Amino acid sequence: MMYPFMTLNDETEIVHSDMNADGTVKVYIETPDKKDGFHNMTCYLPTYEIKEINGYSDKQVEEFVEIIKSTAHLIMEFAKEGGFEHASGF
């Protein structure tokens, strides 16, 4: 299952998976694009391994990785608890 984590001002959505048995978490980023439909990429925590980059520039990828790095502790915790709603008690 994928859980919403963050929506940026340009409508980019950042979502994450449950924590896998091996301790990894999939983070998926998707931005609507008028020409291509969507740009997207996948990052795996805790290694920050990037896969499947579609439509983003190197600079954009770097910026998204910085966002993920600065919030990885939250993403990992939420992934253990079944998303923000379960982790926050809502």
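The values are calculated or read from the model by the stated rules, or taken from the named source; none is laboratory data. Model, not experiment: these values are computed from the prediction. Positions of Cβ are generated from backbone atoms using ideal geometry, with glycine treated the same way; all protein chains shown enter the neighbour counts.
Overview of results
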read-out	value
Filter result for Ile14 (of a type outside the set (Asp, Glu), in contact (Cβ under 8 Å) with a residue 12 or more places away in the chain, farther than 12 Å from Ala79 by Cβ and touching a strand residue (DSSP E or B) at 6+ places or on another chain (Cβ under 6 Å))	yes
So Glu66, is it under 12 Å from the mean Cα position of the chain (by Cα), surrounded by fewer than 17 Cβ atoms within 10 Å (Cβ to Cβ) and without any contact (Cβ under 8 Å) to a residue 40 or more places away in the chain	yes
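One line per residue, one yes/no per condition, for (1) at pLDDT 95 or above; (2) farther than 14 Å from Val15 by Cα; (3) hydrophobic (A, V, I, L, M, F, W, C); (4) out of contact with any strand residue (DSSP E or B) (no Cβ under 8 Å at 6 or more places or on another chain):
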residue: Met41; (1), (2), (3), (4): yes, no, yes, no
residue: Pro46; (1), (2), (3), (4): yes, yes, no, no
residue: Asn54; (1), (2), (3), (4): yes, yes, no, no
residue: Val61; (1), (2), (3), (4): yes, yes, yes, no
residue: Glu66; (1), (2), (3), (4): yes, yes, no, yes
residue: Ser88; (1), (2), (3), (4): no, yes, no, yes
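Table: residues versus (1) touching a Lys or Arg at 6+ places or on another chain (Cβ under 9 Å); (2) in a loop (DSSP other than H, G, I, E, B).
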| position | (1), (2) |
| --- | --- |
| Met6 | no, no |
| His16 | yes, no |
| Ile29 | no, no |
| Tyr44 | yes, no |
| Thr47 | no, yes |
| Lys59 | no, no |
| Lys69 | no, no |
| Ile75 | no, no |
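Residues are listed down the side, and each one gets a yes or a no for (1) charged (D, E, K, R); (2) surrounded by 12 or more Cβ atoms within 10 Å (Cβ to Cβ):
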site: Leu8; (1), (2): no, yes
site: Met19; (1), (2): no, yes
site: Thr31; (1), (2): no, yes
site: Gly37; (1), (2): no, no
site: Asn40; (1), (2): no, yes
site: Glu49; (1), (2): yes, no
site: Leu74; (1), (2): no, yes
site: Phe78; (1), (2): no, yes
